[in-house]
1. Have a look at Glu90, Glu68, Glu130 and point out the one that is closer than 27 Å to Gly6 by Cβ and at pLDDT 90 or above.
2. Taking only the stretch 37-64 into account, find how many residues are without any contact (Cβ under 8 Å) to a residue 40 or more places away in the chain and part of a strand (DSSP E or B).
3. Does at least one position in the stretch 11-26 carry a residue that is outside any loop (DSSP other than H, G, I, E, B), of a type in the set (S, T, N, Q) and at pLDDT 85 or above?
4. Working carefully through the options Pro75, Pro98, find the one that is exposed (fewer than 11 other Cβ atoms within 10 Å of the Cβ) and at pLDDT below 90.
5. Quick one: would you say Leu30 is at pLDDT below 85 and closer than 21 Å to Cys134 by Cα?
6. Name the pairs whose Cβ atoms lie under 6 Å apart, with the first residue in the stretch 111-127 and aromatic (Phe, Trp, Tyr), the second outside any helix (DSSP H, G or I), and 6 or more positions between them or separate chains?
7. What are the residues in the stretch 27-36 that are over 14 Å from Arg82 (Cβ atoms) and either of a type in the set (Ser, Thr, Tyr) or assigned to a strand (DSSP E or B) (or both), if any?
8. Condition first: over 17 Å from the mean Cα position of the chain (by Cα), of a type outside the set (Val, Ile, Thr) and either modelled with pLDDT under 90 or farther than 19 Å from Val32 by Cα (or both). Can you find one or more residues in the stretch 53-62 that meet it?
Amino acid sequence: PLALEGRGQATALAPEARPRDLAAGEKLTLEVAGEGVRLTGDGWSLTAPALRLTAPLLRAGGHRYPDELEVSLDPEEPASLRLVNGVDLERYLEGVLPGELPPRFHLEAQKALAVAARSYALVQRGKHGEFDLCDQTCCQM
């Protein structure tokens, strides 16, 4: 199981089910459930082939996911979950750039990296079919 915590108003969407509002800071658990994914909260659960969670910020497995998180079975490892963070390009860059250059670097170096990272991300669109970039070395700039 994967622990999940939302900050701010969060919603869970499942195909053919009504959206479920999640309380801010509510502790949730994500796990594989047969042919789908189960999201469990305090006294409730939601099971579907895939789930979409939306919130200003979600935390799962020590990682932060802004905006939207799609959860499904990993097609390459069906006993595992696949998490896809849906963010727009500018939000993606806000998350990537601070980890690439320390803030003490000259502003022009930071700007150059932003241009390079934006260009790289745009060229990589559709690289993995359902999503553009992953967290593996094949998607590192």
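1. Result: Glu90 is the single residue among Glu90, Glu68, Glu130 that is closer than 27 Å to Gly6 by Cβ and at pLDDT 90 or above.
2. Selection size over the stretch 37-64: 13.
3. No, the conditions are met nowhere in the stretch 11-26.
4. Pro75
5. no
6. Close Cβ pairs satisfying both conditions: Tyr120/Met141.
7. Passing the criteria: Lys27, Leu28, Thr29, Ala33.
8. No: zero hits.
The values are calculated or read from the model by the stated rules, or taken from the named source; none is laboratory data. Predicted model, so just to flag it, every value in this text is computed and none were measured. Heads up, the Cβs are rebuilt from the backbone with ideal geometry, glycines too, and the neighbour counts pull from every protein chain shown. Accessible surface is based on the protein model in full, side chains and every heavy atom, while ligands, DNA and RNA are left aside. Shrake-Rupley method; radii C 1.70, N 1.55, O 1.52, S 1.80 Å.
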